[in-house]
Each structure stands twice: as structure tokens, then as C-alpha cells.
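> Here it is, the structure in full.
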Amino acid sequence: MKDHSLKREVLLFSGLLLLVLLIMSVMGSAYGIRMLVEAACYSLIALGLTMQWGYAGLFNAGILGFIAVGGFMSMLFSYPVNEDFWHSDMPVQLGMVVLKAAIGVAIIFLLAKSGRWGMPKKFQTPLLVIASAVVYLMLVNILDPVTSSIESEAGFIGGFGLPVWTGWIVGGALAGTIAYFIGHICLGLRSDYLAIATLGIAEIIKAFLKNADWLTRGILTVSPLPWPVPEPVDVGFVLARALYLSVVICLIVVTYFLLQRALHSPWGRMMRAIRDNEVSSLAMGKDVNKRRLQVFVLGSVLMGIGGAALTTFNGIFDPSGFIPLNHTFLIWVMVILGGAGNNRGAIFGAVFVYIIWTMSEPVALVLFDLVRDLGDKWFSWQAPADLDSRALQARVFVIGLIITMVLRYAPKGVIPEKIAQHS
């Protein structure tokens, strides 16, 4: 059985390699390597999701939010410094706003914990609501003049001009921090609450980044973002993209090694036990919510790093470019097709699905041209004028068809999770 499974994986990855080589021969090396870099970034994100869903059964419907956070931090830390902003008094004004916000958050936190010091519940809750409203209104009132001044005089605050990898690390850390607060509140409730919370937080993050012109330039976008390797203008497209691909592959290899070690450790066996039978795990004295919180945070860290790497490679930070179809639904398709709970399956699914997603449009255009020519030659059929514009919709149809076939013929994925059998 083990030999059959290994042979199956070798055949699948060999077929995937042949598909990549075919695309490179037809579309060119620069195009093929660009596609592989983006697929590799999605692989990191898919590994994060397979940790959450495959290891612990946690339904994350807000992957987009963690990707956007990683992309934003990558931009903030690596983009060059805006001298117009830092050579004015606006940093001091913004710093005062941040200080007052910290004081307000501290007051809210103390009120939330005041029950431990004897404050009756009937007073604690109203005071907490009133304090939260007052702090929010105060911050909005003092922040608006500062942000308006930044937008009119400096455009936006700019970046910190630090090495690219610092933004990747901070992006992963911030994504994990947000996941901690979401999970701390929602993991003790039914699983559907987690899905609702992550979906809502993702939309809040996207709306904030899209409308905070003073911080992100909003829909005006920020570009070009520096790379952690020599850029195409210096060494050419093919070599620059190949170097970038090597960096992301190194990240995947290290992540895969650590996840494999964790999966086959007592911690990994405990996570699968919690996923499969929560009641039995509780009866054995396991802290289910704590362990779920751990895996939710770790998975979100990978999503943040993957989002940072993807945004950096694209060279532009555009809050409007983060859409649920590309940055949530597509990643779920990758994990489901590859096999939830199997790290190799997640990598295979990410690369294969992204190739299909990318190539569906050009292949559809070729097929449309063939249908147009044959229809005109054989039946004098006049194709609709907007036929070519429908090629972009073909990718959604193809992905939907693939996921339907996988759910029908391989419901556990093409590389399903291996369940150890103990006699």
C-alpha cells in the first residue's frame, strides 16, 4: 500500500513537471518562471491553510485578510522613506495620536479585567461599552486632521526603507497576532463562528487598507516595491525571477521540513486526535482550545509570509487587488484538490491549480479562435463580437469543473492524508 502511494505521488509530480516544461516551451522561460514564483507563494499560503483545516479542522474563511496584512507590512517596511513626511512635524502629530490610542486601549483593557478586582458585572459591562465609544470617537476626532494634513502635504507616510525580509517577518507576526485575538474569542464557540469572524475581519482589513490613503495610498497603489534579490532591470527578467523563485523555494523547503516534524510528533498526533474526536480528547485532559489556537496562529503566520512574498514579487501594493475569489476560494480549492492534512498534497494542489488558473485564459482564447474559424468555414457562423472577452470567465468554469470532479472521484484529494495504522 505504501509503495502504491509513493508511486502515485511520483507520477503526479512528474506529470506536473512535464506540464511546467511544456508551458515554458510554449510561453517562454520568463512567463513560466513568473507563474512558478506566484504558485510557490500560494504554496506557502496553502501550507498555512492545511495546518488549520487539515491538522485541526478549523474553517478559515478570511485568508484574504492575512494575505493583505502580510502584503501591507512588506510594503511598509521595504518601500523607500518619504522625506516630505519625515522632514515635517507630521510624525510628531501622528505619534501623539498613537500614544493616546495606546492609553485608550489600556483603559479599555483594565475595564475588561476589572471584574477580577471586585467590580460588579452590572457596572463593568456598561462602563466598558461607554469607554470604548468615547475612545473611538476621540481617536477619530484627533486622527482626521492629522491624516488630512499627511495626504495634502506628503501624499502618504511612505515606507521605512528596511530590507525586504524584515517586512516578511513582521507581516507574518502581525497576521499571527490578529489570528490570536480572533481565535482567543471564537475558538471556544461553534466552528461556524470562526468562519464568520475570519470573513468579517478580512473585509474590515481590506476596507481599512483601501480607505487609509495616508497610510497605503488607497486605490492609488504603491509601486515599485523592492525585491530581496537583484531586480530584472539589473540582471534580466529570467535570472531575476529565477533568483526570486529560489528564495521562495527555500522558504517552502524549511517550512515543509518543520511541518513534517511537527506532524509526526506527539503534538501532531494530538492535533489529529482533537480534529477527529474532540470529546475523547477533552476526556483525556487535553486543552483543546489552546491547541487549536496554536495551530490557527501558526497557519496564519504562514499566510502572512506568503502574502508578503506574493505582493513583493508583483511589485505593487494595491488593496483593491485582494479579492475573495483569488485569495480565499482559490486557496481552498488548492488544499481540497491536493489533500487536506498532507503537506505534499498542499504543495501539489497549489502549483497545479495555479497553473490551471493562469493558463485557462490563453488556452480558452486559442479554442475560441479555432471555434470561430471552423464555424465560419463549415457553417458560415458569425461568432459574437465579445467572444474573446469571455475567455477570462473560462478559468472560473475550469476550476469549478476540477473541484467537482475531485469531490466526486477523490474526495480526500489526489494525495490524501496518510493515517497511521497501529496494531
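> Taking the Cα centre of segment 1-130 as origin and charging only Cβ (+1 Lys, Arg; -1 Asp, Glu), how large is the dipole, in debye to the nearest 20?
800
> Averaged per residue, what accessible surface does the chain expose to a 1.4 Å probe, in Å²?
Result: 52 Å² of accessible area for each residue.
> Calculate, for S191 and D213, the FRET efficiency according to 1/(1 + (r/R0)^6) with r their C-beta to C-beta distance and R0 51 Å; round to the nearest 0.05.
0.85
> What does the C-alpha gyration tensor say about the overall shape of segment 212-338? Classify as rounded when a/c is under 1.5, otherwise prolate if a/b is larger than b/c, or oblate.
Prolate shape, in that a/c is at least 1.5 and a/b is the bigger ratio.
> If you take the beta carbon distance between S132 and M27 as r and set R0 to 60 Å, what does 1/(1 + (r/R0)^6) give as a FRET efficiency, to the nearest 0.05?
0.65
> Compute the signed sum of charges (Lys and Arg +1, Asp and Glu -1) over the other residues within less than 15 Å, Cβ to Cβ, of K412. Write out the running numbers ahead of the final one.
Numbers: positive: R8, R272, R275, R344, R408, K418; negative: E9, D276, E417.
Counting the neighbours of K412, the net charge comes to +3.
> Sequence gap of 8 or more, or different chains, plus Cα separation below 21 Å: how many lysine pairs satisfy both in the chain?
Close lysine pairs under the 21 Å cut-off: 8.
> Something else about it: Considering only A173, A101, A262, give the residue with the highest GNM mean-square fluctuation for the chain, with springs between Cα atoms whenever their separation is below 10 Å.
Its mean-square fluctuation being the largest, the pick is A101.
> Tell me the accessible surface of Y136 in square angstrom (1.4 angstrom probe, heavy atoms of protein chains only), to the nearest ten.
150
> Right, another one. Once you have all Cα-Cα distances for the chain, histogram them in 20 Å bins from zero and send the whole-percent values.
In whole percents, the pair-distance histogram is 22, 51, 24, 3, 0.
> Over the chain, what is the relative contact order in percent, taking alpha-carbon pairs closer than 8 angstrom and at least six residues apart?
Over the chain, the number comes to 30 percent.
> Another question, if that's okay. Rounded, prolate or oblate: which fits segment 33-78, taking a ≥ b ≥ c as square roots of the Cα gyration tensor eigenvalues, rounded meaning a/c under 1.5, else prolate when a/b beats b/c?
Details: a/c = 2.91, a/b = 1.36, b/c = 2.14.
Cα axes put segment 33-78 in the oblate bin.
> Roll a 1.4 angstrom probe over the protein heavy atoms and tell me the percent of accessible area of the chain that is carbon or sulfur.
It is 69 percent, rounded to a whole number.
> Calculated FRET efficiency, E153 and I103, Cβ-Cβ r, R0 30 Å, to nearest 0.05? Walk me through the numbers before you get to the answer.
Working: r = 27 Å, r/R0 = 0.89.
E(calc), rounded to 0.05, equals 0.65.
> Now, a different point. Per-residue ellipticity at 222 nm for the chain, helices alone: DSSP H runs ≥ 4 residues times -39500 (n - 2.57), over residue total, nearest 500 deg cm²/dmol?
Working: 17 runs with 311 residues, N = 423.
Helix-only estimate at 222 nm: -25000 deg cm²/dmol.
> Could I have the simple spin-label model distance between Q260 and L401, label points 7 Å from Cα toward Cβ, reported in nm to one decimal?
My value for the distance between the label points is 3.5 nm.
> May I pose another question? Just the accessible area for V105, please: 1.4 Å probe, Å², rounded to the nearest 10?
90
> Quick check: with the 1.4 Å probe, what order do D276, D386 take by accessible area, largest first? Kindly include the intermediate steps, with their values, before the conclusion.
Values: D276 110, D386 70 Å².
The ordering from most to least exposed comes out as D276, D386.
> Under the 0.36 nm per residue contour assumption, what length would be gained going from the current alpha-carbon distance of R269 and W86 to full extension?
60.7 nm
> Next up: Which order do F109, F317, F160 take when ranked by solvent-accessible area (1.4 Å probe, heavy atoms of all protein chains), largest first?
F109, F160, F317
> What nm distance separates the two modelled labels at F59 and L365, each placed 7 Å from Cα along Cα→Cβ?
Roughly 3.9 nm, to one decimal.
The values are calculated or read from the model by the stated rules, or taken from the named source; none is laboratory data. Bear in mind that the values here come from a model prediction, so they are computed numbers and not experimental data. Virtual Cβ from ideal backbone geometry, glycine too; neighbours counted across all protein chains shown. The protein model used for the area step is the full one, side chains on, heavy atoms only, and it has no ligands, DNA or RNA in it. Shrake-Rupley method; radii C 1.70, N 1.55, O 1.52, S 1.80 Å.
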